[in-house]
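Derivation of every value follows stated rules applied to the coordinates shown; laboratory data play no part. Model, not experiment: these values are computed from the prediction. Cβ atoms come from the backbone with ideal geometry, glycine included; neighbour counts cover every protein chain shown.
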Amino acid sequence: MARSPLADAVVRRLREAWEWFLSPTSLDEGLVGEDLVDERGIERPWLHNWDHLPKRSAGAGLRSDDVRLARARADEVARLTVGDDVWRAVQRQGHVDLPSRRYPGLTYRLRIGQRIEVICAPGVSSPWPFPYLCVNPTYPLPEAEFFAHLYLYLRDDEFEVIRVAAPQPWDQSLGGTF
């Protein structure tokens, strides 16, 4: 039995859509696309909804070599952002402590890829009910790069971290980083 021209067109469109979906770049093109790049060619990933990705994913369509390169670049960005002394300290100790400017006796312990730990000096009460603050990036970032973001925010705009951080009773890897 012959199909109608409409049925043939529908089948053709479905086949094209399926082939596009299975192609290696389909997810990047369909979910990211040109809408994230402005007229100057600058990427603006915060304009996209990334909720579809698993928590620790770098994004659809990235190969392990791409992720490895992104992490290496992120280490360099983080080192240049926080400075050699802070970067060496976090590499050597696994963390860097940043005293709060807003709360005397309170220190933020920053670790790459982990929640912010709140440490209080003896006799100092924490403004939060739990010892960890969770702040996740809006879009996927390498852990080291997000560490540098948090460092700068706590150093230069502590109020913004206080505003968005979710106090947590336990430590855990951050979501949205890879």
Filtered residues of segment 126-162 (kept if out of contact with any helix residue (DSSP H, G or I) (no Cβ under 6 Å at 6 or more places or on another chain), closer than 13 Å to Ser100 by Cβ and not hydrophobic (A, V, I, L, M, F, W, C)): Ser126, Pro127, Arg155, Asp156, Asp157, Glu158
Please enumerate the residues belonging to segment 151-164 that are over 19 Å from His95 (Cα atoms) and among the hydrophobic types (A, V, I, L, M, F, W, C). Phe159, Ile162, Val164
Go through segment 119-140 residue by residue and tally those that are touching a strand residue (DSSP E or B) at 6+ places or on another chain (Cβ under 6 Å) and buried (at least 20 other Cβ atoms within 10 Å of the Cβ). 1
Candidate set from segment 137-178 (those that are under 17 Å from the mean Cα position of the chain (by Cα) and of a type in the set (S, T, N, Q)); member that is farthest from Ala70 (Cα to Cα): Gln172
Residues of segment 65-118 satisfying the condition of being over 22 Å from Ala166 (Cβ atoms), basic (Lys, Arg) and either assigned to a strand (DSSP E or B) or out of contact with any Phe, Trp or Tyr (no Cβ under 9 Å at 6 or more places or on another chain) (or both): Arg68, Arg73, Arg88, Arg92
So, of the residues in segment 119-159 that are part of a strand (DSSP E or B) and in contact with a Gly (Cβ under 8 Å, 6 or more places away or on another chain), which turns out to be farthest from Glu43 (Cα to Cα)? Cys120
